[in-house]
Amino acid sequence: MQIFINTYGTYLHVKDDMFEIKVREDKKQPFKVNHIAAHKVTSFIVSKGAALTSDAIALALKHNIDIVIVENNGHPMGRFWHSKLGSTTKIRKEQLKASLNEVGVKWIKEWLSVKLENQADFLQDLKKHRKNLHTTLEEKSEAILNFREKIMQSSATDIKEVDESFRGWEGSSGRQYFDALSLCMPKDFNFNGRSFRPAKDEFNAMLNYAYGILYSRIERALMLAGLDPFVGFMHRDDYNSKSLIYDFIEPYRSYADRFVFRLFSGKKINKNYFTGFTGGVSLNEEGKAFFVAPYLEYLDSEKIRYKGKLQTRLNAVQLEAHRFANSLISEQ
């Protein structure tokens with residue numbers, strides 16, 4: 001169970017060796033109190049404005065429960081981890097070597113290839129029920145696959161030899177992709193390309209929040225596989241942060257894309273879920289309350305087919321993280 005704490009003033013502490021969460025949504029009302037056994041919790045996602053006791057942090061660490069502190073847009077700021085993660089330094093040494101040679105190039109090609117293939121597949125799915133956009137979606141899907149082919153045909157012994165080309169092709173693919181998604185949206189929610197900080201429209205505001213949650217889960221998967229989130233390959237020079245997350249997440253962005261798009265296209269989104277401000281739009285507390293539970297159900301419980309077996313999406317991510325880590329040792 002992943003627990004989101006996003007109500008200002010929420011208090012998390014320990015009572016009788018269980019987590020006790022006190023929430024008061026209205027100052028005039030008494031606290032609502034919930035007790036949760038530690039073995040039922042996998043992680044706490046905590047927004048700014050909540051209070052945690054050291055006893056609660058210690059109980060979480062004892063049970064290998066990570067506590068993630070997130071910004072208002074869902075992007076992780078930091079987290080509490082047990083000091084003994086159980087990883088091997090051998091993996092991290094080989095990860096660092098791979099970031100400087102052809103092994104890193106191979107993995108970036110694979111991750112970007114899957115990302116672009118997922119984008120094209122999504123547009124093909126949308127084409128089935130949109131006859132008026134059939135030609136446009138087909139053209140954009142083909143354009144994305146052409147960029148994918150360019151990436152796959154590239155060769156280099158160091159990512160620096162091809163990273164600018166990869167970014168250009170990935171960016172061009174993204175413009176084709178999000179232009180297509182906008183055409184398929186209800187008219188009230190059409191948007192003009194991707195926007196990050198801040199989001200310029202409701203779709204991007206919710207998508208950014210979905211990505212933020214996914215970032216925290218990707219980081220967890222990498223850490224549990226013994227990898228260093230700070231040692232990336234293609235994003236190494238672009239981010240003074242956990243760059244491997246930005247590399248590794250690429251094939252899984254489609255999870256967030258499809259889920260968020262489904263909410264908008266299914267006309268389940270209310271304008272009241274968003275708050276406008278100078279220069280942008282953000283998902284407000286009502287919107288977060290609407291979004292989080294079904295999104296976590298989609299990631300943590302709903303099954304997909306992975307290598308011939310049914311797995312949750314995040315179990316598949318974890319297995320891929322272990323596959324990546326194990327390959328670094330075997331490829332030395």
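Go through region 43-63 and count every residue that is polar (S, T, N, Q) and crowded, with 16+ Cβ neighbours inside 10 Å.
2
Go through (1) outside any helix (DSSP H, G or I); (2) within 29 Å of Ile213 (Cβ to Cβ); (3) modelled with pLDDT of 90 or more and name the single condition Leu100 misses.
The one condition Leu100 does not meet is (2).
Can you tell me which of Lys22, Lys32 is open to solvent by 40 Å² or more (accessible area, probe 1.4 Å), under 18 Å from Lys288 (Cβ atoms), more than 24 Å from the chain's Cα centre (by Cα) and among the charged types (D, E, K, R)?
Lys32
Can you pull out the residues in region 264-280 that are under 20 Å from Leu183 (Cβ atoms) and crowded, with 19+ Cβ neighbours inside 10 Å? Before the answer, list the steps.
Our first condition is that a residue be under 20 Å from Leu183 (Cβ atoms); within region 264-280, this holds for 264-269.
Once the filter is applied, which keeps residues that are under 20 Å from Leu183 (Cβ atoms) and crowded, with 19+ Cβ neighbours inside 10 Å, region 264-280 yields Phe264, Ile269.
Modelled with pLDDT under 95 and either open to solvent by 30 Å² or more (accessible area, probe 1.4 Å) or more than 16 Å from the chain's Cα centre (by Cα) (or both): is that true of Ala180 in this structure?
Criteria not met by Ala180.
Working carefully through the options Arg175, Arg220, find the one that is crowded, with 18+ Cβ neighbours inside 10 Å and of a type in the set (Lys, Arg).
None of the others qualify; the one that does is Arg220.
Suppose we filter region 236-249 for residues that are part of a helix (DSSP H, G or I) and either surrounded by 21 or more Cβ atoms within 10 Å (Cβ to Cβ) or of a type in the set (S, T, N, Q) (or both); how many remain?
5
Could you tell me whether region 224-235 includes any residue that is without any contact (Cβ under 8 Å) to a residue 60 or more places away in the chain, open to solvent by less than 30 Å² (accessible area, probe 1.4 Å) and under 24 Å from Cys184 (Cα atoms)?
Checking region 224-235: not a single residue is without any contact (Cβ under 8 Å) to a residue 60 or more places away in the chain, open to solvent by less than 30 Å² (accessible area, probe 1.4 Å) and under 24 Å from Cys184 (Cα atoms).
Among the residues in region 211-232, are any over 13 Å from the mean Cα position of the chain (by Cα), closer than 24 Å to Ile67 by Cα and part of a helix (DSSP H, G or I)?
yes
Test Ser173 against the stated conditions and say whether it is in contact (Cβ under 8 Å) with a residue 40 or more places away in the chain and under 19 Å from Ala289 (Cα atoms).
no
Given the conditions (1) open to solvent by 20 Å² or more (accessible area, probe 1.4 Å); (2) among the aromatic types (Phe, Trp, Tyr); (3) in a helix (DSSP H, G or I), and given that Phe196 satisfies all but one, which numbered condition is not satisfied?
If we test Phe196 against (1) open to solvent by 20 Å² or more (accessible area, probe 1.4 Å); (2) among the aromatic types (Phe, Trp, Tyr); (3) in a helix (DSSP H, G or I), just (3) comes out false.
Check Ile108, Ile159 and return the single one that is touching a residue at least 40 places away in the same chain (Cβ under 8 Å), under 18 Å from Ser254 (Cβ atoms), open to solvent by less than 40 Å² (accessible area, probe 1.4 Å) and touching a Phe, Trp or Tyr at 6+ places or on another chain (Cβ under 6 Å).
Ile108
When you scan region 200-208, do you find a residue that is more than 23 Å from Val114 (Cβ to Cβ), in a helix (DSSP H, G or I) and among the acidic types (Asp, Glu), even just one?
Yes, the conditions are met somewhere in region 200-208.
Need the failing condition index for Val68 against (1) out of contact with any Lys or Arg (no Cβ under 6 Å at 6 or more places or on another chain); (2) at pLDDT below 85; (3) not small (Gly, Ala, Ser), just the number.
Here Val68 meets the rest and fails (1).
The values are calculated or read from the model by the stated rules, or taken from the named source; none is laboratory data. Everything numeric here is computed off the predicted structure, so don't read it as measured data. Using ideal geometry, Cβ is built from the backbone for each residue, glycine included, and neighbour counts are taken over all protein chains shown. Ligands, DNA and RNA are stripped out before the accessible areas are found, and what is left, the full protein with its side chains, is counted by its heavy atoms. Shrake-Rupley method; radii C 1.70, N 1.55, O 1.52, S 1.80 Å.
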